[in-house]
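Undergrad: I'd like to ask you about the structure that follows.
The values are calculated or read from the model by the stated rules, or taken from the named source; none is laboratory data. All values reported here derive from a predicted model rather than from experimental measurement. Cβ coordinates were reconstructed from backbone atoms using ideal geometry, including for glycine residues, and neighbour counts include every protein chain displayed. Ligands, DNA and RNA are excluded from the accessible area calculation, which covers all protein heavy atoms including side chains. Shrake-Rupley method; radii C 1.70, N 1.55, O 1.52, S 1.80 Å.
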Amino acid sequence: MKSALFTRFFILLPWILIVIIMLDVDTAPAHPAPLLLSLRGGPRACPTPAPQGRPGSRDPKRNQSRPQPQPEPQLPTIYAITPTYSRPVQKAELTRLANTFRQVAQLHWILVEDAAARSELVSRFLARAGLPSTHLHVPTPRRYKRPGLPRATEQRNAGLAWLRQRHQHQRAQPGVLFFADDDNTYSLELFQEMRTTRKVSVWPVGLVGGRRYERPLVENGKVVGWYTGWRADRPFAIDMAGFAVSLQVILSNPKAVFKRRGSQPGMQESDFLKQITTVEELEPKANNCTKVLVWHTRTEKVNLANEPKYHLDTVKIEV
Ligand code: UGA
Ligand code: MN
């Protein structure tokens, strides 16, 4: 009796094992890499769903009908830090930005709300954005919310702190940091350019500084000055949208942050860059800084003159 049971058990055992293995294969996540990226976030990081399809499928150059190759393992991650604040056009700005970022392979969006808590609007938006992302928040102290004072200092610093914390225990993976304000316009070519940043790279910015564009002046592959119409005395006469920094440089300069004390609008970029690099060291991108790939667009203040004081519509709609 006992030996018959044993025989049956040993006949069934391989089949049970096969079924278990098959079930395991079926339930394994199809694209674990982007999910891991999000889940490894810091304490305030809010993991969002992995993007639809492989990261490589966002590359427009790939042929859609062939099997999609995995992205190169060493493709540096682009970390885009975006400060954002609540206003009527916020969701529209974020929608445009997400539509751009979705075309870029291996991009991690660090969205930092200027708020005391994460808002529902932004949380819902990010959850549906289909991008590896981290959702942070920090309010700008009221005394700094005045015209004439630099914006988004605390938010960019929160993004930097998250990046440093996330990479503190591991050897730095190849990565590039870029400050992407929520209202600018970014060409896809810009991301190809910045991805090869070794230390700090620079390029022209359109529609800024009271001119059609500002740009670093380049001679023999080196930055030698600035074409600008505004405060040419700035050590780095460049807008926030005009440079990228390698993750390695961010990690090896742990004290480099944006400062409130003594900082004026338009000087934040110089104050920050001074802490991590020199003009001689800058890497010119965009064909020796002769192509505009990013525009400092600003959205017109929206006209809500006819908005009723109290809610009149029969439904509540998020805008
Ligand atoms: C210019 C520069 O391009 C900015 O990088 C710089 O931060 C800013 O000046 C400054 O004065 O400090 P500008 O178009 O005038 O940009 O500034 P905004 O686009 O209004 O703000 C820059 C970023 O900060 C945006 O992403 C915006 O959403 C965010 N922001 C702005 C906040 O998070 N909180 C605010 O109260 C205002
Ligand atoms: Mn702006």
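Undergrad: What single numbered condition from (1) open to solvent by less than 10 Å² (accessible area, probe 1.4 Å); (2) more than 16 Å from ligand 1 (Cβ to nearest atom) fails to hold for residue 238?
TA: Among (1) open to solvent by less than 10 Å² (accessible area, probe 1.4 Å); (2) more than 16 Å from ligand 1 (Cβ to nearest atom), residue 238 violates only (2).
Here's the yes/no breakdown for (1) within 16 Å of ligand 2 (Cβ to nearest atom); (2) closer than 21 Å to residue 107 by Cα:
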position: 147; (1), (2): yes, no
position: 155; (1), (2): yes, yes
position: 161; (1), (2): no, yes
position: 172; (1), (2): no, yes
position: 176; (1), (2): no, yes
position: 182; (1), (2): yes, yes
position: 200; (1), (2): no, yes
position: 204; (1), (2): no, no
position: 207; (1), (2): yes, no
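Undergrad: Name the single residue that is nearest to the chain's Cα centre (by Cα) among those in region 159-209 being assigned to a strand (DSSP E or B) and hydroxyl-bearing (Ser, Thr, Tyr). Full working, then the answer.
TA: Looking only at region 159-209, we keep the residues that are assigned to a strand (DSSP E or B), and these are 175-179, 185-186, 200-202, 205-208.
If we keep only those that are hydroxyl-bearing (Ser, Thr, Tyr) too, we end up with 185-186, 201.
Values: 185: 14, 186: 12, 201: 16 Å.
Across region 159-209, the extreme among qualifying residues is 186.
A quick yes/no check of all residues on (1) within 16 Å of residue 287 (Cβ to Cβ); (2) open to solvent by 10 Å² or more (accessible area, probe 1.4 Å); (3) modelled with pLDDT of 95 or more:
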{"residue": "173", "(1), (2), (3)": "no, yes, no"}
{"residue": "178", "(1), (2), (3)": "no, no, yes"}
{"residue": "190", "(1), (2), (3)": "yes, no, yes"}
{"residue": "194", "(1), (2), (3)": "yes, no, yes"}
{"residue": "197", "(1), (2), (3)": "yes, yes, yes"}
{"residue": "203", "(1), (2), (3)": "yes, no, yes"}
{"residue": "217", "(1), (2), (3)": "yes, yes, yes"}
{"residue": "224", "(1), (2), (3)": "no, yes, yes"}
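Undergrad: Let me ask you something else. Could you tell me which residue of region 88-111 is most open to solvent (accessible area, probe 1.4 Å), considering only residues that are in a loop (DSSP other than H, G, I, E, B) and more than 23 Å from residue 176 (Cβ to Cβ)? Even if it seems obvious, please write down each step before you answer.
TA: We begin by selecting, within region 88-111, every residue in a loop (DSSP other than H, G, I, E, B); these are 88-89, 102-106.
Still in the running and more than 23 Å from residue 176 (Cβ to Cβ): 88-89.
Working: 88: 76, 89: 31 Å².
Across region 88-111, the extreme among qualifying residues is 88.
Undergrad: Anything in region 226-253 that is modelled with pLDDT under 95 and within 16 Å of ligand 2 (Cβ to nearest atom)? List them, or say none.
TA: Of everything in region 226-253, just one residue is modelled with pLDDT under 95 and within 16 Å of ligand 2 (Cβ to nearest atom), namely 230.
Undergrad: Consider residue 184 against the criteria (1) more than 13 Å from ligand 1 (Cβ to nearest atom); (2) of a type in the set (S, T, N, Q); (3) open to solvent by less than 20 Å² (accessible area, probe 1.4 Å): it satisfies all of them except one. Which criterion is unmet?
TA: (1)
Undergrad: Is it true that residue 98 is in contact with a Lys or Arg (Cβ under 7 Å, 6 or more places away or on another chain) and either among the charged types (D, E, K, R) or more than 16 Å from ligand 2 (Cβ to nearest atom) (or both)? Before the answer, list the steps.
TA: Working: in contact with a Lys or Arg (Cβ under 7 Å, 6 or more places away or on another chain): no; either among the charged types (D, E, K, R) or more than 16 Å from ligand 2 (Cβ to nearest atom) (or both): yes.
For residue 98, the condition - in contact with a Lys or Arg (Cβ under 7 Å, 6 or more places away or on another chain) and either among the charged types (D, E, K, R) or more than 16 Å from ligand 2 (Cβ to nearest atom) (or both) - is not met.
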